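Peer 1: First the structure, which I've put down as structure tokens, then a few questions once you've had a look.
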Amino acid sequence: MSTLVGILSDTHGSLPDAAYASLADVDHIIHAGDIGNPEILRLLEGLAPTTAVLGNNDFDEYGAAVGRFAHPVIENVRFLVSHYPRDVRIGFNGCAGLAAGDPLPQVCVHGHTHIPELIFGKEARPANIMLCPGSVARPRGEFPRSLAKMLLKDGRIVATRVETLSGLPIFECGTWPES
């Protein structure tokens, strides 16, 4: 049995129908901030359990469950989620999203840039993957509106991709099973 995680960011109060439809098959959702409206989280929660963080355009209207950082563990894979890229980049002195003694995440997720990014291998260390899903509402850098999906199985990251809202891959790593 595998788990499919949907990852999005920078909705800014707008969840396009295509983004909602693209997330219909996921088992868990991560929103990396700039939500823009509590209704967005209610819609996402209707699809799957949702983990979200605050962005620079969010305020406290989401309640105590949504803070600056999130550390979900999904299918035994550790995530670090924050809106700002600097808060998930782990250096010799750690990073803002980790306290002393926290286990290292396998996946670091951020938003804010509106530009999709998928870094893996040596460049992502000490994490396995550094990911920005882009933006479903306001893309930048000549990229289309996008989100990401990650397939997990038996505590491993099987495959990851950033894709357009119509499902066309922009970046990917790993091997997706045949449909």
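Peer 1: Being among the small types (G, A, S) and either part of a loop (DSSP other than H, G, I, E, B) or in contact with a helix residue (DSSP H, G or I) (Cβ under 9 Å, 6 or more places away or on another chain) (or both) is the filter; apply it to the stretch 4-26 and report the residue that is nearest to P169 (Cα to Cα).
Peer 2: G6
Residues checked against (1) within 15 Å of the chain's Cα centre (by Cα); (2) surrounded by fewer than 20 Cβ atoms within 10 Å (Cβ to Cβ); (3) assigned to a strand (DSSP E or B):
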position	(1), (2), (3)
V81	yes, no, yes
E123	no, yes, no
A159	yes, yes, yes
S166	no, yes, no
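Peer 1: Which of the residues belonging to the stretch 124-145 are of a type outside the set (A, V, I, L, M), touching a helix residue (DSSP H, G or I) at 6+ places or on another chain (Cβ under 9 Å) and within 16 Å of L23 (Cβ to Cβ)?
Peer 2: Here is the first cut: in the stretch 124-145, the ones of a type outside the set (A, V, I, L, M) are 125-126, 128, 132-135, 138-145.
Those left that are additionally touching a helix residue (DSSP H, G or I) at 6+ places or on another chain (Cβ under 9 Å): 128, 132, 145.
Scanning the stretch 124-145 gives a single hit, R145.
Peer 1: When you go through L44, L54 one by one, which is the residue that is in contact with a Ser or Thr (Cβ under 6 Å, 6 or more places away or on another chain) and of a type outside the set (D, E, K, R)?
Peer 2: Details: L54 fails: in contact with a Ser or Thr (Cβ under 6 Å, 6 or more places away or on another chain).
Just one listed residue meets the conditions, L44.
Yes/no per residue for (1) under 17 Å from G6 (Cβ atoms); (2) in contact with an Asp or Glu (Cβ under 9 Å, 6 or more places away or on another chain); (3) in contact (Cβ under 8 Å) with a residue 12 or more places away in the chain:
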site	(1), (2), (3)
A124	no, no, yes
S135	yes, yes, yes
R145	yes, no, yes
G155	no, yes, yes
V158	yes, no, yes
E163	yes, yes, yes
G174	yes, no, yes
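Peer 1: Only one of V77, V109, V88 is farther than 20 Å from P144 by Cα and either at pLDDT 95 or above or among the basic types (K, R) (or both); which? Can you show your working first?
Peer 2: Details: V109 fails: farther than 20 Å from P144 by Cα; V88 fails: either at pLDDT 95 or above or among the basic types (K, R) (or both).
Among V77, V109, V88, only V77 is farther than 20 Å from P144 by Cα and either at pLDDT 95 or above or among the basic types (K, R) (or both).
Peer 1: Still on this structure, please answer the following. Across the stretch 32-48, what is the total count of residues that are under 19 Å from H83 (Cα atoms), part of a loop (DSSP other than H, G, I, E, B) and under 15 Å from the mean Cα position of the chain (by Cα)?
Peer 2: The qualifying residues number 4.
Peer 1: Let me ask something else about it. Return the residues of the stretch 83-121 that are in a loop (DSSP other than H, G, I, E, B) and of a type in the set (G, A, S); say none if nothing qualifies. Give the steps one after another, and end with the answer.
Peer 2: Pass one, the stretch 83-121, residues in a loop (DSSP other than H, G, I, E, B): 83-84, 88-90, 92-93, 95-106, 110-116.
Residues satisfying the conditions are A96, G97, A99, A100, G101, G111.
Peer 1: When M1 is evaluated against the numbered criteria (1) in contact with a helix residue (DSSP H, G or I) (Cβ under 7 Å, 6 or more places away or on another chain); (2) surrounded by fewer than 18 Cβ atoms within 10 Å (Cβ to Cβ); (3) among the aliphatic types (A, V, I, L, M); (4) in a loop (DSSP other than H, G, I, E, B), which criterion, by number, is the only one it fails?
Peer 2: M1 satisfies all of (1) in contact with a helix residue (DSSP H, G or I) (Cβ under 7 Å, 6 or more places away or on another chain); (2) surrounded by fewer than 18 Cβ atoms within 10 Å (Cβ to Cβ); (3) among the aliphatic types (A, V, I, L, M); (4) in a loop (DSSP other than H, G, I, E, B) except (1).
Peer 1: List the number of the failed condition for A65; all other conditions in (1) assigned to a strand (DSSP E or B); (2) without any contact (Cβ under 8 Å) to a residue 60 or more places away in the chain; (3) under 22 Å from G13 (Cα atoms) hold.
Peer 2: It fails just one condition, (1).
Peer 1: Using the structure shown, decide if I119 is surrounded by fewer than 21 Cβ atoms within 10 Å (Cβ to Cβ) and within 19 Å of K149 (Cβ to Cβ). Spell out how you get there, then give the answer.
Peer 2: Working: surrounded by fewer than 21 Cβ atoms within 10 Å (Cβ to Cβ): yes; within 19 Å of K149 (Cβ to Cβ): yes.
Taking the combined requirement at face value, the residue satisfies it.
Peer 1: OK, next. Would you confirm, using the coordinates I've provided, whether I29 is of a type in the set (A, V, I, L, M, F, W, C), surrounded by 14 or more Cβ atoms within 10 Å (Cβ to Cβ) and assigned to a loop (DSSP other than H, G, I, E, B)? Can you show your working first?
Peer 2: Numbers: of a type in the set (A, V, I, L, M, F, W, C): yes; surrounded by 14 or more Cβ atoms within 10 Å (Cβ to Cβ): yes; assigned to a loop (DSSP other than H, G, I, E, B): no.
So I29 fails the test.
The values are calculated or read from the model by the stated rules, or taken from the named source; none is laboratory data. The shown structure was predicted, so the numbers you read here are calculated from the model rather than taken from an experiment. All Cβ positions, glycine included, derive from the backbone under ideal geometry; neighbour counts span all protein chains shown.
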